[in-house]
Every structure is written in C-alpha cells, then in structure tokens.
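A.B. asks: Take this structure, written in structure tokens, and hold onto it; I'll ask about it next.
Each value in this text was obtained by applying a stated rule to the coordinates, not by laboratory testing. Quick caveat: nothing in here was measured; it's all calculated off a predicted structure. Glycine also receives a Cβ, built like all others from the backbone with ideal geometry; neighbour counts cover every protein chain displayed.
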Amino acid sequence: MSEEKTQGGVQSLEVGLTVLDALIAHRTPMMLKELAENLSMHPAKVHRYVVSLVRMSYAKQLDDGRYALGEQAWRLGLSCIQRTDTIQAAQPMIYDLHRKIDCGLQISKWTSQGPLIVQWIEPNQQVSVITRVGSIMPLLNSATGRAYAAFMAEDIVRPLMEREWQQKQALNQQVYPTNWEEFLALKQSIIGQGAATVSGDMLVGVNAICVPIFNAHGEIEFCIAALASDLHLPIDFKNERVKALKETAADLTRYITQG
C-alpha cells in the first residue's frame, strides 16, 4: 500500500486533515505559499494534499488562486451543528413556537464566516425566502446578522462588518447601518429590545425578527428568526406573535443555563 502507516492509523490521511484544519482555522482564503508557511511544509507537498481536498470538494480554488473551504467541508460542519445537543434538545420548544405564531423560523449558529442557517421551518402561509439551510447571513441588513453583531464581542464581528461595507461600497449599494458609528447606535436599540429586526431589507414585504438564546457563559448559543409578511408579523413588540417569540427565547435560555 502507498500510504505511510502509523500504529492504528494512516499518516497521509492525518497530514491531509492537518491541511484541512489550517483552511478551517484561517478566516479568509489562503495562497498556497501562505498555507505552506502556516503548516511549516514544502509548498509542493502541500499542493498534493490540496489537490486531493479540491477533488473531494473539501476545498476549492478561487479565481485569484487562493484556496478556501469547499462545499463538502461546509456540509460536514453543518451536519455537526445540526446534531448539537442544545439545538436537538430545543426542538420541542421551537416547534411549539412555530405552532403558536405560524411564521417561518430560521435557526442559526455562529461560524467564522458569520451566522449560518442550520434549520428552516416553513410557515403555513406562503413566504418567499431565498436564504435556506447552509446560507451565511449578512451582519448589516439581516435580522439574524444584526442580532449576532449586537450581542457578540466587537472584535469578532467588526472585521466581518467592515468587509461587508467594503463590498457594498465596491458595488455602489446602499446599506444601513452605513458605518460603525451608526451600528453602535443601532446596537443599543437591539440590546434594549432584546431582538433585532428588519422590514423588507432583504425581501420586499417580509419582516424578520431575530432573538438570541444564551448559554451559561452569557454567549449566544444560537438564534431564532421569525419571518412573515408585514401584516402577519408587524415590527411591534406588543404584538402577540412577537411576544411569544421573545418568551420562547427567554425560556430556552433558562433551559440551557439551568439544565
């Protein structure tokens, strides 16, 4: 056999996974030289493993030559997230909320690339939603993104937000908040309300309200966003559906922190 064997394992597989680990740990795509330096390996050797990772869709090469995680890596990560104990344990309460408010529900977890949608529960009413399971949500103009941005550490979210602002500027697209100072004002409002909202920002006529669920360390464990038409789900914190959403978030936080 061509693989170099170690006791109870295959060394070449372990090296390949080490290369994959380096791509996972780095928040942005990497050039081959940068990846090799990170691993303290010869570029030619790293290239052989990267070619195999690309062939199996665990990595991909971008147009500028840099390497990034591929679709199979994202599927693996998503599969792991969907099986986390907290989200699995929360399913009865999540589906009970769905029955109460009859809105689309998006469950998300934080990743190094931003909020990742890991579950989508369809409403009985028709709502056109283009962000499905596996989508990374923008921090600036999605309710989910704004919730994470408001309740997470600024040194984690700000670099991603700055990148979004640069992308919007390059495309000559308007977005709110337009800069860090505007976001800080919005952040105080979100923290005060305990939820982030958008109205028609991503889809005309569709409102979204996102609430965070916290763990025992006071960090976001996951978020739940409700989506529906502006008539069915008004941006009104006295509305019964909105109150049910916030109550469920509070109940889930208590369940996770005390359970």
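A.B. asks: Can you compute the FRET efficiency between ALA89 and ASP21 using 1/(1 + (r/R0)^6), with r the Cβ-Cβ distance and R0 = 41 Å? Round to the nearest 0.05. Before the final figure, lay out the partial values.
C.D. replies: On the way: r = 29 Å, r/R0 = 0.70.
So, using R0 = 41 Å, E works out to roughly 0.90.
A.B. asks: Mind checking which lysines have their C-alpha under 22 Å from LYS246, skipping anything on the same chain fewer than 8 residues away?
C.D. replies: Partners found: LYS100, LYS109, LYS187, LYS238.
A.B. asks: Using only Cα atoms, tell me the angle between helix 154-170 and the longest principal axis of the chain; keep it within 0 to 90° and round to the nearest 10.
C.D. replies: The angle comes out at about 90 degrees.
A.B. asks: Going highest first, how would you order 221-228, 242-249 by mean Cβ packing within 10 Å? Can you show the working numbers first?
C.D. replies: Values: 221-228: 25.2, 242-249: 18.6.
Descending packing order for the listed peptides: 221-228, 242-249.
A.B. asks: Would you mind computing, in nm to one decimal, how far apart the modelled labels at ALA250 and LEU171 are, each placed 7 Å from Cα along Cα→Cβ?
C.D. replies: In this crude spin-label approximation the distance works out to 3.8 nm.
A.B. asks: What does the extension gain come out to for GLU182 and GLU219, with contour length at 0.36 nm per residue minus their alpha carbon separation?
C.D. replies: On the way: separation 37, 0.36 × 37 = 13.32 nm, distance 2.36 nm.
Contour length minus the Cα-Cα distance gives 11.0 nm.
A.B. asks: A follow-up question, please. Each label point is 7 Å from the Cα along the Cα-to-Cβ direction; what then is the distance between the points at ASN239 and ASN38, in nm?
C.D. replies: Each label point lies 7 Å from its Cα, and together they span 4.2 nm.
A.B. asks: If you don't mind, there's one more thing I want to ask. Which order do peptides 104-117, 10-23 fall in by mean Cβ count within 10 Å, highest first? Intermediate values should be presented prior to the final figure.
C.D. replies: Working: 104-117: 21.7, 10-23: 15.8.
Sorting 104-117, 10-23 by mean packing, highest first, produces 104-117, 10-23.
A.B. asks: Turning to a different aspect of this structure: Given labels modelled 7 Å from the Cα in the Cβ direction, how far is it in nm from LEU231 to ILE121?
C.D. replies: So the two model labels end up 2.4 nm from each other.
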